[in-house]
Amino acid sequence: MSAADAVPLSETPPVPEDEALLRLKEVSKSYSIRRGLFGERKTLTAVKSVDLALARGEVLGLVGESGCGKSTLAKILLGLEAPTSGDVLVGGQALAGQDRTKLARRIQPIFQDPYSSLNPRKTVFDIVSLPLRIHGIGDGPSRQKRVTEILDIVGLSKRVTRAFPNQLSGGQRQRVAIARALVMKPEIVVCDEPTSALDVSVQSQILNLLSELRREFGLTYLFISHDLAVVQHLATRVAVMYLGRIVEEAGVDELFETPRHPYTRALLDSVLTPDASLGVPDTELGAAFPNPIDPPSGCAFHPRCPKRFAPCDHEFPPTVPTKNGGFVECHLYRERAGASQ
Amino acid sequence: MSAATDAKDLSSDTTGVTADPPLGPGRMAALRGRIFGHAGFMIGAGVLLLIVLLALFAPLLAPHDPYAQNLMMRMKPPVFLGGTWEHPLGTDLLGRDFLSRLLYGARVSLLIGIVAALISGVIGTTMGVLAGYFDGRVDAVVTFLINCRLAMPVVLVALAIVAVFGGSLTVVVTVLGLLLWDRFAVVMRASTRQIRSREYVTAARAIGCSVPRIVLTEIMPNLFNNLIVVATLEMAHAILLEAALSFLGLGVQPPTPSWGLMVSEGKQMLLFNPWMITIPGIALFALVLAINLLGDGLRDVTAPENRN
Amino acid sequence: MQASQDDRANEPLLAVRNLTIDIPVGGGTLHAVRGIDFELKRGETLCIVGESGSGKSLTSLAVMKLLGKSIRPHADAMTFEGTDLANAGPKAMRRLRGDRIAMIFQEPMTALNPAYTVGDQLIEAMRLHRPVSKAEARARALDLLGKVGITAAESRFSQYPHQLSGGLRQRIVIAMALMCEPDLVIADEPTTALDVTIQAQILRLLVDLQRELGMAMILITHDLGVVARVADRVAVMYAGELVETGSAAEIFNAPLHPYTRGLLRCIPVPDKTRRGADLGSIPGIVPSLIGEVRGCAFRDRCDMAVAACVEPIPERNDGPAHSYLCVHDQAALADGPAAPDDREVPA
């Protein structure tokens, strides 16, 4: 591969209103939870009024802790969960009225666990050809051809088509899952922790494959991960999520060079690069983890924040735009919010 | 670089290490290995197969008509207790050939076991899968029905119904089929819930599969192992219940040859001719044990923890 | 007097010689661990790093003698503080476990009993081994909960494990492991199930406590970042063998074994790997360890494999504590294809 092929991932700017391939507008999702048979009902707000846009060809990294709502957001994008309020626009059209199957041709998922994402009772051919059969694309021979083609693209030989998932290694399984996601040539692929269940040596192969596929087919990724080194390696833009809100969004270089939100900073501090001269960093976060059913008042991050001050525990933080089109949601920057208005 | 190529050539004949990722052993081959290595499964399957063959070919194998009475030849002992080869297992109170009745009785027991398990299987699986796939109200209703069913004493309810409608093969089979679905429902509900959370089900939804398609092609095939295991257990259960009902005189009605009935008929002769109760008892015991061994074996052979 | 103390300090806390673990499977015998040696000094941290199936967890379970009945371990010698673990009976092992040797697992829920409160379990962990009163044990537990960063320890005492978050649970498990001031803590992927920020906190806590209490630690992980930051010494495990052992600096700055180097090329390192460029990878898959395994198990994935790789592999040394299993010597490895610095392509 020549150097020119390996297009370095430059940062992507924010997405203008009309160019978004996918846009979330003030999307919220809450669940009603009841403890026990006669317990009182409580509301868990997994996603709180989130705005997010994806432009063609970019890789948006979505990072945050487990339970922050990133997987719920992915399910909303895939049309698997309906938002409680707000709109999802795909190619400018609202998702709400659209046919579920039409959406499936445009957005496909890749999951975390390749052991759970493939039906153990089906052959690789059955698994990869299912989307074609559901959508009535092609006939027998042409589907056969398409499946062989896509398996070849993801680096699997023709002889795995008759294999069952339990005859394959973890890496091979994840390749089958990728082939299933790509067989209908979608525009957007939602990758939910696609490598975190894999061994280190296999992880790099899958990451390489994902970048190669993006270049070759002009795919757009929403890349959900807790591994910030991987996000920095692949993403063009990064959104940081905390308890249902996106608290900071910026181009990848900007975010990693000048993290603004204290939570982003803590996340970056927690990345353990393989450098034997360094010790374990101090993130300065307390041990308290907030209960998503009963989130803290004001800024949801304030109980753990090393920089909290007067307004944090009772006032909701302002959304402050940053100069390159990103934003941060934090009281520390509200002076600038006032100045820019 | 050529050295590296040499090593690749050499590797093929050593440890089974190959650079090209090999496929694991075939699913069928692995399954075969586990089946033949499981003694309980093999014994259960062998005995059950034998009984099924005997039942199927009863008209060819039976030396006499099982209904033909011969009052001159009542209570002849089996051959090993001094009887004649004319009646290898002797004759009963009405002079009917015991071996012939035993062979035809196997048909009744197997028929009741299979049909009752089939009826209850359809009812229980439908309820269990629906409850497991759809949360909320459907689940609440099914759970309530299961609890109601579990609160009923099976034998008493069966006795009451048979007493009202009269005992016959059809009534007994229907009653048992309508009463024994609870275990199917409980097991299928739990398994469906587990499978529903698998990512391949989510993937199927993301592809745009309809709910019936997901249930039939993604979930049902993965329930099959559990289903077979429960079905064998319920079959044994139904056979024993039929025997109990017949013993109490409320099951299959004479002169139909049923093992339960044969035990019942033999009970009056317990002190003088103990073989009349022992022979059908042993047959019943062997059949139920075989089915249970087969069921346990199936569970071991197909259990997920045994799979890679 | 002084000399004997020095002797005691120099003598290894744990020494394992030629440990093998065989597991009977359907098609023969799985040689999961194949003759490994390691030792651990007091207060030292040894990280065993490897991918799934490399035998790293089995090794730790063998030291604790917690392997299942069908698994057959054998060691020429396995001593802990002069106790012969290899021949120790179940009773002697029960006395050691939880007292002198403590274990921390990946999933804190498996180590905590859901039916008892946190406080009861902490107190029980101590009273099982020490003749202390409940009040004394309680005082120690509260002290430790404070040390593991749990605020309002009194109120946590009466809570049940399911009422706590994953991070808090793992802190409780650590406190429980430390109740009897063990000499050795074996932590098997203690932070893998946790979020990144919590992972950093828990690791820092472990390292701080370890220094403060002078414990030795064996940390088992697949995460090279964790290894680099925590380890004094590193043992790289592949297919049941320790293919390279050395100080953390030696392993990360001057790795020799092709597998170690391959692993280090696989992970993206901010500011080192060029963004979006292909990461290094190790082709092929881990070989089957069923049946006889001859020569180097890595040779089919190795870019420096030669004919001699099917023969028994010599153990080579580079310095007193850095050893590796490879047919190539250090000079040949240095000239070999793709040294780890190749990834530093100027952007």
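The values are calculated or read from the model by the stated rules, or taken from the named source; none is laboratory data. All values derive from a computational prediction rather than experimental measurement. Cβ: placed from backbone, ideal geometry, glycine included. Neighbour counts: every protein chain shown. In case anyone asks, the SASA skips ligands and DNA or RNA and just uses the protein heavy atoms, side chains included. Shrake-Rupley method; radii C 1.70, N 1.55, O 1.52, S 1.80 Å.
Yes or no: region B:86-98 includes at least one residue that is assigned to a loop (DSSP other than H, G, I, E, B), hydrophobic (A, V, I, L, M, F, W, C), crowded, with 20+ Cβ neighbours inside 10 Å and away from chain A (no Cβ under 14 Å). Yes, some residue in region B:86-98 is assigned to a loop (DSSP other than H, G, I, E, B), hydrophobic (A, V, I, L, M, F, W, C), crowded, with 20+ Cβ neighbours inside 10 Å and away from chain A (no Cβ under 14 Å). Being under 28 Å from the mean Cα position of the chain (by Cα), farther than 18 Å from A:F217 by Cα and open to solvent by 40 Å² or more (accessible area, probe 1.4 Å) holds for only one residue in A:Q144, A:Q112, A:Q174, and it is A:Q112. Of the residues contained in region A:197-216, none is found to be facing chain C (nearest Cβ under 9 Å), of a type in the set (S, T, N, Q) and more than 27 Å from C:R301 (Cα to Cα). Residue count for region C:266-287 satisfying the condition of being open to solvent by 30 Å² or more (accessible area, probe 1.4 Å), more than 8 Å from chain A (Cβ to nearest Cβ) and within 23 Å of the chain's Cα centre (by Cα): 1. Within region A:158-182, being hydroxyl-bearing (S, T, Y) and more than 8 Å from chain B (Cβ to nearest Cβ) holds for one residue alone: A:T161.
Would you pick out the residues in region A:123-141 that are surrounded by fewer than 22 Cβ atoms within 10 Å (Cβ to Cβ) and more than 8 Å from chain B (Cβ to nearest Cβ)?
Residues of region A:123-141 surrounded by fewer than 22 Cβ atoms within 10 Å (Cβ to Cβ): A:123, A:125-126, A:132-141.
Those that are surrounded by fewer than 22 Cβ atoms within 10 Å (Cβ to Cβ) and more than 8 Å from chain B (Cβ to nearest Cβ): A:T123, A:F125, A:D126, A:L132, A:R133, A:G136, A:I137, A:G138, A:D139, A:G140, A:P141.
Counting only helices (runs of 4 or more DSSP H) that sit completely within region C:15-126, those holding 2 or more residues that are of a type in the set (D, E, K, R) correspond to C:90-96. Taking region B:194-220 as the range and being more than 8 Å from chain A (Cβ to nearest Cβ) and in a loop (DSSP other than H, G, I, E, B) as the test, the residues that pass are B:S197, B:S210. Considering the conditions (1) without any contact (Cβ under 8 Å) to a residue 12 or more places away in the chain; (2) part of a loop (DSSP other than H, G, I, E, B), C:A334 is excluded by exactly one of them, (2). Taking A:V189 as the residue in question, decide whether it is outside any helix (DSSP H, G or I) and out of contact with any Cys (no Cβ under 9 Å at 6 or more places or on another chain). So A:V189 fits the description; yes.
Go through region C:55-85 and give me each residue that's farther than 15 Å from C:L184 by Cα, open to solvent by 50 Å² or more (accessible area, probe 1.4 Å) and not aliphatic (A, V, I, L, M). Within region C:55-85, C:K69, C:S70, C:R72, C:P73, C:H74, C:D76, C:D84 qualify. Scanning region C:29-53 for residues that are more than 19 Å from C:F298 (Cα to Cα) and of a type in the set (G, A, S) yields one hit, C:G43. Every test in (1) of a type in the set (G, A, S); (2) in contact (Cβ under 8 Å) with a residue 40 or more places away in the chain; (3) buried (at least 22 other Cβ atoms within 10 Å of the Cβ); (4) touching a helix residue (DSSP H, G or I) at 6+ places or on another chain (Cβ under 7 Å) is passed by C:A177 save one, and that test is (4).
Applying the condition of being hydrophobic (A, V, I, L, M, F, W, C) and farther than 16 Å from C:V173 by Cβ to region C:116-155 and asking which residue is nearest to the other protein chains (Cβ to nearest Cβ) yields C:A152. Out of the residues in region B:147-177 that are of a type in the set (V, I, T) and open to solvent by 30 Å² or more (accessible area, probe 1.4 Å), state the one that is nearest to B:T232 (Cα to Cα). Looking at residues that are of a type in the set (V, I, T) and open to solvent by 30 Å² or more (accessible area, probe 1.4 Å), I get B:T174. Look at (1) over 19 Å from A:G67 (Cα atoms); (2) in contact (Cβ under 8 Å) with a residue 12 or more places away in the chain and you find that A:C299 fails only one, number (1).
B:G37 fulfils the conditions (1) within 14 Å of chain C (Cβ to nearest Cβ); (2) surrounded by fewer than 17 Cβ atoms within 10 Å (Cβ to Cβ); (3) closer than 19 Å to B:T232 by Cα except for a single criterion, (3).
For region A:49-97, the tally of residues that are open to solvent by less than 10 Å² (accessible area, probe 1.4 Å), acidic (D, E) and either in a strand (DSSP E or B) or modelled with pLDDT of 90 or more (or both) stands at 1.
Taken over region B:99-117, the criterion of being in contact with a Gly (Cβ under 7 Å, 6 or more places away or on another chain) and either in a strand (DSSP E or B) or of a type in the set (G, A, S) (or both) is satisfied by B:A116 alone.
Contact map, region A:213-228: residues that are within 27 Å of A:L272 (Cα to Cα) paired with residues that are assigned to a helix (DSSP H, G or I) and among the basic types (K, R), Cβ distance under 8 Å, separation 6+ or inter-chain. Pairs shown: A:Y221/A:R214; A:I224/A:K70. Is it the case that some residue within region C:198-209 is facing chain A (nearest Cβ under 8 Å), surrounded by fewer than 22 Cβ atoms within 10 Å (Cβ to Cβ) and under 29 Å from A:H233 (Cβ atoms)? Yes.
When you look at C:R294, is it more than 12 Å from chain A (Cβ to nearest Cβ) and either surrounded by fewer than 22 Cβ atoms within 10 Å (Cβ to Cβ) or at pLDDT below 85 (or both), yes or no?
yes
When each of B:L271, B:L293 is tested for being at pLDDT below 80, over 19 Å from B:L223 (Cβ atoms) and open to solvent by 40 Å² or more (accessible area, probe 1.4 Å), the lone residue that passes is B:L271. The number of residues in region C:86-104 that are open to solvent by 50 Å² or more (accessible area, probe 1.4 Å), farther than 29 Å from C:G26 by Cα and out of contact with any strand residue (DSSP E or B) (no Cβ under 8 Å at 6 or more places or on another chain) comes to 3.
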